[in-house]
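Asks: Got a structure for you, questions after.
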Protein chains: 2
Amino acid sequence: MEKAFVECVPNYSEGRRKEVIEAIVEPFKNRQGVYLFDYRADEDHNRLVVSLVGDPDSLQEAIIESAKIAQSHIDMNNHKGAHPRIGAVDVIPFTPISGITMEECVELARGFGRRYHEATGIPVYYYEDAALKPDRKKLEVIRKGQYEALKDEAVSNPERQPDVGGPALHPTAGATVIGARKFLVAFNVNLGTTNLDVAKKIASYVRASSGGFCHVKGIGVALEDKGMVQVSMNLVDYEKNSLYRVLETIRMEAKRYGVPVVETEIYGMIPAGAILDSAAYYMQVADFDPQQVIELRLLKLMGEGLK
Amino acid sequence: MEKAFVECVPNYSEGRRKEVIEAIVEPFKNRQGVYLFDYRADEDHNRLVVSLVGDPDSLQEAIIESAKIAQSHIDMNNHKGAHPRIGAVDVIPFTPISGITMEECVELARGFGRRYHEATGIPVYYYEDAALKPDRKKLEVIRKGQYEALKDEAVSNPERQPDVGGPALHPTAGATVIGARKFLVAFNVNLGTTNLDVAKKIASYVRASSGGFCHVKGIGVALEDKGMVQVSMNLVDYEKNSLYRVLETIRMEAKRYGVPVVETEIYGMIPAGAILDSAAYYMQVADFDPQQVIELRLLKLMGEGLK
């Protein structure tokens with residue numbers, strides 16, 4: 001049987017105390033089935049973002065262990081930081097990578113939420129694909145007013161009660177938002193002009209909020225050092241809105257202004273499927289199977305061996 | 001430290017007796033560090049081709065175990081088959097996949113050759129990048145006259161002596177050719193015409209033997225069922241002659257005849273690097289690092305964990 005791999009990016013409300021940050025990530029190191037890709041603390045945001053990939057069981061165990069450490073060190077009543085937050089462990093999103101569907105990932109997130117609450121006593125809100133109520137799909141709706149407002153409203157307003165536990169938030173750790181979402185690809189297209197209007201117009205043609213592709217967010221920004229402008233995007237569903245389709249649409253629109261695509265940037269991580277899909281398009285490869293890629297086949301066989 | 005992964009495709013002179021075939025591949029199953037991708041026996045060729053990926057140490061052990069089984073079942077004096085061969089275990093090529101250079105892979109092949117000879121008593125010839133003499137780079141030079149001629153010439157002609165052991169071949173298992181080579185990518189481009197001359201001409205423009213790309217082999221063939229013709233190629237160094245460069249050259253040449261590229265085929269396995277390279281070209285991605293691909297990063301971290 002194919003082993004499931006899931007990405008999880010827990011966010012903690014601690015970006016300043018080095019020893020606390022190290023204690024929080026310790027459970028992710030040298031642990032069978034858990035691979036720590038990256039962790040970054042931001043002092044202004046006073047926030048820690050951890051990138052993990054692993055098998056669902058090992059990940060869940062490690063995250064609960066880490067959350068207990070965060071809970072013992074962070075008091076939301078004293079926490080200040082530029083980034084919106086409602087809890088010591090603020091958000092825990094799960095993303096399917098391979099061998100697991102989005103539906104299974106939603107079940108995983110909901111099951112984890114119950115287990116997490118039992119282990120820590122921290123109430124849970126479900127968001128994105130794991131949301132139980134349509135308006136809770138959006139993180140900003142759950143986080144409205146942040147910890148300071150939510151600790152009262154969770155009790156006084158039934159609309160704002162947690163999905164698991166509560167109604168009162170945890171007295172020091174607040175609440176945690178847990179969910180399942182698709183992998184978000186950060187993709188930028190740099191154009192050979194200094195005219196910012198061109199990037200802004202093109203961003204408006206491709207993004208969902210102005211009627212473009214349904215799963216693209218985007219803005220136009222100036223790159224003064226480079227003497228270019230950029231269409232800066234998040235692809236929130238790279239399977240429905242492929243990179244190549246978005247790129248070629250931008251190229252086509254830029255032509256109207258006599259502006260070339262100079263280069264593109266893939267910022268941060270990207271799933272292999274997103275690249276293979278575009279490579280197969282440009283190279284016109286018929287019936288390409290990702291399992292023809294040696295490394296992907298090897299990863300699958302190694303995963304099976306571990307099970 | 002990064003773990004090394006190597007591909008190895010041993011070829012055995014047995015394609016008919018099912019129980020012998022299964023006995024030969026048994027050492028590759030359920031073995032730590034060895035991943036059996038595929039094995040195919042051909043009755044006409046009377047030959048078994050096994051595709052393995054793994055860490056160098058585990059692979060070497062498993063191959064020696066398997067070779068001893070082949071040696072005990074195959075007598076070259078009774079072997080008949082359409083495919084050229086000089087031994088019960090005919091060829092053992094090693095190919096670097098990740099975390100290992102070609103130079104290291106050559107050392108691996110030569111060290112393995114000595115160890116293999118000690119364990120089995122079978123003499124060894126080194127070929128491709130592991131060749132000790134320039135004319136032995138080519139398999140067909142070593143295999144000239146096949147087992148039947150070589151068993152005499154190895155003794156009578158110093159030019160044909162094995163590199164390790166000998167000069168007499170093993171009385172039943174013959175000799176084995178061991179080497180290191182780059183990964184070979186089978187890449188076909190199908191053209192929208194039934195005129196075979198177009199495919200033949202274009203093949204001659206891109207292949208090394210007619211002065212094209214130095215690491216491309218290719219012929220033109222008719223695809224009668226599809227009503228197309230094909231430029232059928234082996235890219236023997238996909239790093240020096242990228243898929244996109246070969247494809248775009250074919251597209252450019254086909255235009256002269258008003259013929260479109262209808263589709264392409266990647267036949268069999270392909271290393272991730274070969275695809276990423278072409279994807280980055282078409283998408284104009286600046287400074288793309290393969291470690292940005294989640295699955296490749298995961299594979300690297302899993303490899304480190306196993307060490």
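The values are calculated or read from the model by the stated rules, or taken from the named source; none is laboratory data. Keep in mind the model is a prediction, meaning the values are calculated, not measured. Please note: Cβ atoms are built from the backbone with ideal geometry, for glycine as well, and neighbour counts cover all protein chains shown.
Okay, residues lined up against (1) among the aromatic types (Phe, Trp, Tyr); (2) in the same structural domain as A:Lys200 (by TED's automatic domain parsing); (3) crowded, with 19+ Cβ neighbours inside 10 Å:
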{"site": "A:Leu247", "(1), (2), (3)": "no, yes, yes"}
{"site": "A:Pro260", "(1), (2), (3)": "no, yes, no"}
{"site": "A:Glu265", "(1), (2), (3)": "no, yes, no"}
{"site": "A:Ile275", "(1), (2), (3)": "no, no, yes"}
{"site": "A:Asp287", "(1), (2), (3)": "no, no, no"}
{"site": "A:Glu304", "(1), (2), (3)": "no, no, no"}
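Asks: Condition first: of a type outside the set (A, V, I, L, M, F, W, C) and either within 29 Å of A:Leu191 (Cβ to Cβ) or facing chain A (nearest Cβ under 7 Å) (or both). Now tell me which residues in the range B:274-302 satisfy that.
Replies: Passing the criteria: B:Asp277, B:Ser278, B:Tyr281, B:Tyr282, B:Gln284, B:Asp287, B:Asp289, B:Pro290, B:Gln291, B:Gln292, B:Glu295, B:Arg297.
Asks: In the list A:Gly121, A:Gly166, which residue meets the criterion of being closer than 19 Å to A:Ala67 by Cβ, surrounded by fewer than 15 Cβ atoms within 10 Å (Cβ to Cβ) and not polar (S, T, N, Q)?
Replies: Within the list A:Gly121, A:Gly166, the selection yields A:Gly121.
Asks: Still on this structure: What about B:Glu224, is it closer than 28 Å to B:Ile97 by Cα, at pLDDT below 95 and surrounded by fewer than 21 Cβ atoms within 10 Å (Cβ to Cβ)?
Replies: In short, no.
Asks: Filter the range A:113-148 for residues that are part of a helix (DSSP H, G or I) and in contact with a Lys or Arg (Cβ under 9 Å, 6 or more places away or on another chain); which is farthest from A:Ser72 (Cα to Cα)?
Replies: By that ranking, first place goes to A:Ile142.
Asks: Which one is farthest from the chain's Cα centre (by Cα) among residues in the range B:256-266 that are under 17 Å from A:Tyr282 (Cα atoms) and more than 7 Å from chain A (Cβ to nearest Cβ)?
Replies: B:Pro260
Asks: Inspect the range B:160-170 for any residue being more than 14 Å from chain A (Cβ to nearest Cβ), of a type outside the set (A, V, I, L, M, F, W, C) and in a strand (DSSP E or B) and give the result as yes or no.
Replies: Taking every residue of the range B:160-170 in turn, at least one turns out to be more than 14 Å from chain A (Cβ to nearest Cβ), of a type outside the set (A, V, I, L, M, F, W, C) and in a strand (DSSP E or B).
Asks: Can A:Tyr238 be described as surrounded by 16 or more Cβ atoms within 10 Å (Cβ to Cβ) and within 9 Å of chain B (Cβ to nearest Cβ)?
Replies: no
Asks: Still on this model: Can you pull out the strands (runs of 3 or more DSSP E) entirely within the range A:1-60 that have at least 1 residues that are buried (at least 20 other Cβ atoms within 10 Å of the Cβ) and more than 14 Å from chain B (Cβ to nearest Cβ)?
Replies: A:34-42, A:47-54
Asks: Any residue in the range A:194-212 that is outside any helix (DSSP H, G or I) sitting within a Cβ distance under 7 Å of a residue that is exposed (fewer than 14 other Cβ atoms within 10 Å of the Cβ)? List the pairs, counting only those 6 or more apart or interchain.
Replies: Going by the 7 Å Cβ cut-off, the qualifying pairs are A:Thr194/A:Gly227.
Asks: Let me ask another. Looking only at the range A:28-44, decide whether some residue is among the small types (Gly, Ala, Ser) and under 17 Å from A:Ala173 (Cβ atoms).
Replies: no
Asks: State the number of residues belonging to the range A:262-296 that are hydroxyl-bearing (Ser, Thr, Tyr) and closer than 22 Å to B:Ile250 by Cβ.
Replies: Counting residues in the range A:262-296 that are hydroxyl-bearing (Ser, Thr, Tyr) and closer than 22 Å to B:Ile250 by Cβ gives 3.
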